[in-house]
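Inspection log for the structure reproduced underneath, given as structure tokens.
The values are calculated or read from the model by the stated rules, or taken from the named source; none is laboratory data. Keep in mind the model is a prediction, meaning the values are calculated, not measured. All Cβ positions, glycine included, derive from the backbone under ideal geometry; neighbour counts span all protein chains shown. Calculation scope for accessible area: heavy atoms of the full protein, side chains included, ligands and nucleic acids excluded. Shrake-Rupley method; radii C 1.70, N 1.55, O 1.52, S 1.80 Å.
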Amino acid sequence: MERAAPQDLREWLDRVAQADELVVVDAEVDWDQEMAAITYLWTRRPGAPALLFRRVRGYGDRVRCLWNLLGSSVRRMALTLGAAHCASAMELVQYTRDLFRQRIPPVWVPPDRAPVYENRQLGDQVDVLSLPVPKHWPRDGGRYGGTFDVVLTRDPERGWINVGTYRMMVHDRNHVGLYVSPGKDARLHVERAWARGEPAEVVACWGVPPAWLVVSSQGFPKTESELEYIGGVLGRPLELVQGLTTSLPIPARAEVALEGVIRPGATRLEGPFGEFTGYYGRPEDHAFLVEVTGLYSRHQPILTNALMADYPSNEQAMLYAVARSARIWEDLERLGIPGIRGVWAHPAAAGGFGVTVVSLEQRYAGHAPQVLALAAQCPGGAYYTKWIIAVDEDVDPSDMDQVLWALSTRCNPAEDIDVLRQTWSTWLDPTQNPPEKRPYGSKALINACKEHRFLHQFSPRTRLARSVYERVRSRWAELGLGGQPPEVVALEEGR
Ligand SMILES: Cc1cc2nc3c(=O)[nH]c(=O)nc-3n(C[C@H](O)[C@H](O)[C@H](O)COP(=O)(O)O)c2cc1C
């Protein structure tokens, strides 16, 4: 397997620039909504390049701001994983599954070999607003850092370290709010530390390469170290340096990192924030209050930012379409489910959270309903998802045209839809009202496979005879049709 994932954000930027996937904005821009607005307008075109702002009002060119790192781009997702050879989305999902199977433990580097320590603010010197932290949307409750970040916390009982992606709202120079959804690992860590009367320590990196998010944004088994999975994605160990004011490690190649503590019971009102759903999430409410004890950065650091919006302007769209699909496929495989041909968490469905399509070769009675129930509730796919759709192996789950065709020709709604209730969801679901009803949700399981009971009697699909298909292919140029004929998978054999 090719192992060439960029190791840090600067290497990632070089590669993306070489591939003509980066646009640099030299004109001064405002941190107050303007950067986010430019990003939103720029990203209305699917696959739009990443955006690097070099000058921010009030901050000169000391700190650069990067937006639309992955957005809706399959190409930049492939570059991030060192998988430029993958031609299709489904190939990329397969490749990511392979990466998730390799775990490489992190290594420690001394502080003088940690770029993140090139600049340090400690104790009273800490000023988070020395960074051009943006406000994204007009109704946001404040300026949000760490929207494209990794956050480290430790399980107070077992000692293992979780890596998650959770946003942070700036309250003042040394306090930030940490928003963690129900059931997510950092929330469980903080609540369990508090139950023991202890503070919880936190490290957050606000400038990171997207490869780290491929892991931090996914649900991995709670008993396994995500630091090792990041090593697996990078193809070499993640470098860590000991924190200066907490007992936690800090990824040494982060652009910007802060460490701090959440004292028992410490919360403050936070939000709202323009969310992955394309709506403001929950109304202003309490979130963990982090007292920042250290702030570190590389020289001329780069802040990474995630715009949350309707597709294709949603930063997590392609990230989730690929990484979440890979996690769900892996979970099904580990459970011993045979015949899975593909999984796709559609990027337009609330940033890959809303719809999961699984393609399978039906091998036994009840196979498709089993796949639906497990894909709906496995660790990699249980959170939020509202629609889980099973299709047969001749349907590409990443091609919505084909999925709609299957829904319209192989699904009998009166028979083929089940609903799960009171499932794992979030305070951010706009359909659960009044907001106090949250965070429970529901899921529709839709079987759009041919009815198994009558598999052999099901009306034959109109397919080209293989012999005719091959003949037409070979005559394509002679026919004067130009280009190459399309690849067709479903063909009639022996006619
Ligand atoms: C760009 C981006 C921003 C995110 N922001 C948040 C957030 O603010 N709070 C949250 O709970 N989850 C957020 N998520 C989703 C979590 O990262 C995801 O649910 C992940 O599984 C959390 O890690 P955990 O499973 O280790 O708890 C975000 C995901 C992405 C890709």
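Scanning the stretch 120-144 for residues that are open to solvent by 10 Å² or more (accessible area, probe 1.4 Å) and assigned to a helix (DSSP H, G or I) returns 123, 124, 125, 129, 130. Screening residue 406 with (1) of a type outside the set (Asp, Glu); (2) open to solvent by less than 70 Å² (accessible area, probe 1.4 Å); (3) within 16 Å of the ligand (Cβ to nearest atom) gives one miss only, at (3). Of all the listed residues (89, 84), the sole one being modelled with pLDDT under 95 and in contact with a Ser or Thr (Cβ under 6 Å, 6 or more places away or on another chain) is 89.
Screening 493, 436 for residues that are acidic (Asp, Glu), open to solvent by 60 Å² or more (accessible area, probe 1.4 Å), more than 32 Å from the chain's Cα centre (by Cα) and at pLDDT below 95 leaves exactly one candidate, 493.
Can you pull out every residue in the stretch 251-262 that is within 21 Å of the chain's Cα centre (by Cα) and open to solvent by less than 10 Å² (accessible area, probe 1.4 Å)? Result: 251, 254, 255, 256, 257.
Summed over the stretch 157-181, residues that are open to solvent by less than 20 Å² (accessible area, probe 1.4 Å), more than 19 Å from residue 140 (Cα to Cα) and not β-branched (Val, Ile, Thr) total 2. Only one entry in 289, 303 is open to solvent by less than 20 Å² (accessible area, probe 1.4 Å), modelled with pLDDT of 95 or more, part of a strand (DSSP E or B) and not hydroxyl-bearing (Ser, Thr, Tyr), namely 303. Being over 27 Å from residue 491 (Cβ atoms), surrounded by fewer than 24 Cβ atoms within 10 Å (Cβ to Cβ) and among the small types (Gly, Ala, Ser) is a description that applies to residue 348. Can you confirm whether the stretch 263-285 contains a residue that is open to solvent by less than 10 Å² (accessible area, probe 1.4 Å), out of contact with any helix residue (DSSP H, G or I) (no Cβ under 6 Å at 6 or more places or on another chain) and in a strand (DSSP E or B)? Scanning the stretch 263-285 turns up at least one residue that is open to solvent by less than 10 Å² (accessible area, probe 1.4 Å), out of contact with any helix residue (DSSP H, G or I) (no Cβ under 6 Å at 6 or more places or on another chain) and in a strand (DSSP E or B).
Checked against (1) among the aromatic types (Phe, Trp, Tyr); (2) part of a loop (DSSP other than H, G, I, E, B); (3) more than 16 Å from the ligand (Cβ to nearest atom), residue 117 passes all but condition (2). Residues that are open to solvent by 10 Å² or more (accessible area, probe 1.4 Å), in contact with a Lys or Arg (Cβ under 8 Å, 6 or more places away or on another chain) and of a type outside the set (Val, Ile, Thr) do occur in the stretch 111-118. Looking only at the stretch 325-345, which residues are open to solvent by 10 Å² or more (accessible area, probe 1.4 Å) and in a helix (DSSP H, G or I)? Matches in the stretch 325-345: 330, 331, 333, 334. Test residue 149 against the stated conditions and say whether it is open to solvent by less than 40 Å² (accessible area, probe 1.4 Å) and touching a residue at least 40 places away in the same chain (Cβ under 8 Å). So residue 149 fits the description; yes.
Within the stretch 1-34, the residues that satisfy the criterion of being under 20 Å from the mean Cα position of the chain (by Cα) and assigned to a helix (DSSP H, G or I) are 9, 12, 13, 16. Entry remark, the stretch 310-324: residues being hydroxyl-bearing (Ser, Thr, Tyr), assigned to a helix (DSSP H, G or I) and in contact with a Leu (Cβ under 9 Å, 6 or more places away or on another chain) number 0 in total. Checked against the criterion of being at pLDDT 95 or above and open to solvent by 10 Å² or more (accessible area, probe 1.4 Å), the candidates 224, 201 yield just one match: 201.
Exactly one residue among 10, 76, 15 is charged (D, E, K, R) and open to solvent by less than 10 Å² (accessible area, probe 1.4 Å), and that residue is 76. Do we have any residue at all in the stretch 200-208 that's free of Cβ contacts under 8 Å to residues at least 40 places away in the same chain and more than 23 Å from the chain's Cα centre (by Cα)? No, there is no match, as no residue in the stretch 200-208 is free of Cβ contacts under 8 Å to residues at least 40 places away in the same chain and more than 23 Å from the chain's Cα centre (by Cα). Specify which of the listed residues (268, 324, 341) is of a type in the set (Lys, Arg), more than 16 Å from the ligand (Cβ to nearest atom) and either touching an Asp or Glu at 6+ places or on another chain (Cβ under 8 Å) or at pLDDT 95 or above (or both). Residue meeting the stated conditions: 341. Considering the stretch 142-193 alone, what residues qualify as being farther than 26 Å from residue 233 by Cβ and within 11 Å of the ligand (Cβ to nearest atom)? Across the stretch 142-193, the qualifying residues are 169, 177, 182.
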